[in-house]
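These notes are about the structure you will find just below.
Derivation of every value follows stated rules applied to the coordinates shown; laboratory data play no part. Computed from a predicted model, the values in this text were never measured in an experiment. As a convention, Cβ positions derive from the backbone with ideal geometry for all residues, glycine included, and neighbour counts pool all protein chains shown.
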Amino acid sequence: MNQLLEDLIKVMTLERLEINLFRGQSRDIGSPQVFGGQVLGQALVAATQTVENREVHSLHAYFLRRGDFNSPIVYEVDRAWDGKHFCTRRVVAIQHGAQIFNMSASFQVPERGLDHQISMPDVPMPEALEDLQSLYRAALSKAPEAVRRVLEQKRPFEFRPVEVPDFAYSVKQTPIKHVWFRAVARLPDDEALHRCLLAYASDFGLLDTALRPHAMNMMSSKLVIASIDHAMWFHRPVRVDDWLLYAMDSPSASGARGFNRGSLFARDGRLVASASQEGLIRVTA
């Protein structure tokens, strides 16, 4: 397996300390704190470890404090409810004796029912688009050192944006964007793993959508930016090692917060998941 994916799976493999208690390690991806998608994915892994014969269909999470990627994170799972068809888990992430994150997740026994979905946006397929890392290379020479540190990081996912990023952020743009992404190599046939990795990847680029109408970016020294909450709904089976289209929009920004939505489509047009996130966007100068 690809080394980057091997390392990601290692990060997502938690040490079981007790029946409902787990410990996970972190990785430095270039940001000053733990990547929110990592905590989200690890929390879902912890919850999944306490469930049998059911699949996660939704999660709702809050980011409380910045995580320290130099220290492990402990995940405590509360088995809130076990019903005939559904069960609910609550997860608290703890670091240095304080809660940094909490999440509720619901799991369901697979069953049939009504079936409809919205259509996938009409956008170019990934083979017709340039990889984001290639686009970054052209901008690296002009980027500040802190920005270069983030952009130069190798990722276990490949991203191909439909709208070419404006790295200078000199033009106001509509709060809409589309990005194809997939894992850089083949992964095991494990639906639970793919859903946890989708949760991890869903945090890439979502909050940035709210900045597009303001000609700003996540690296701006004038902004204080942090994820406040994150929710996901899993609709259909998914593989993160095949191309997925992340269609994102930001309906509103107000009160120093930006609200963002995302629809995740398989390349055959199936809507596999939906996401939403609100983040702190505070202008300091």
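Numerical summary
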read-out	value
Any chance G269 is among the small types (G, A, S), on the phi > 0 side of the Ramachandran plot, touching a residue at least 12 places away in the same chain (Cβ under 8 Å) and surrounded by fewer than 17 Cβ atoms within 10 Å (Cβ to Cβ)	yes
Top-ranked residue of the range 71-93 - restricted to ones that are surrounded by fewer than 17 Cβ atoms within 10 Å (Cβ to Cβ) and free of Cβ contacts under 8 Å to residues at least 40 places away in the same chain, ranked as farthest from A226 (Cα to Cα)	K84
Leading residue by the ranking (surrounded by the fewest Cβ atoms within 10 Å (Cβ to Cβ)) among those in the range 226-240 that are out of contact with any helix residue (DSSP H, G or I) (no Cβ under 8 Å at 6 or more places or on another chain) and more than 22 Å from T174 (Cα to Cα)	R236
Qualifying residues in the range 114-126 (those that are within 15 Å of L271 (Cβ to Cβ) and free of Cβ contacts under 8 Å to residues at least 60 places away in the same chain) - the one surrounded by the most Cβ atoms within 10 Å (Cβ to Cβ)	D115
Residue in the range 261-282 that is part of a loop (DSSP other than H, G, I, E, B), among the β-branched types (V, I, T) and over 26 Å from A183 (Cα atoms) present	no
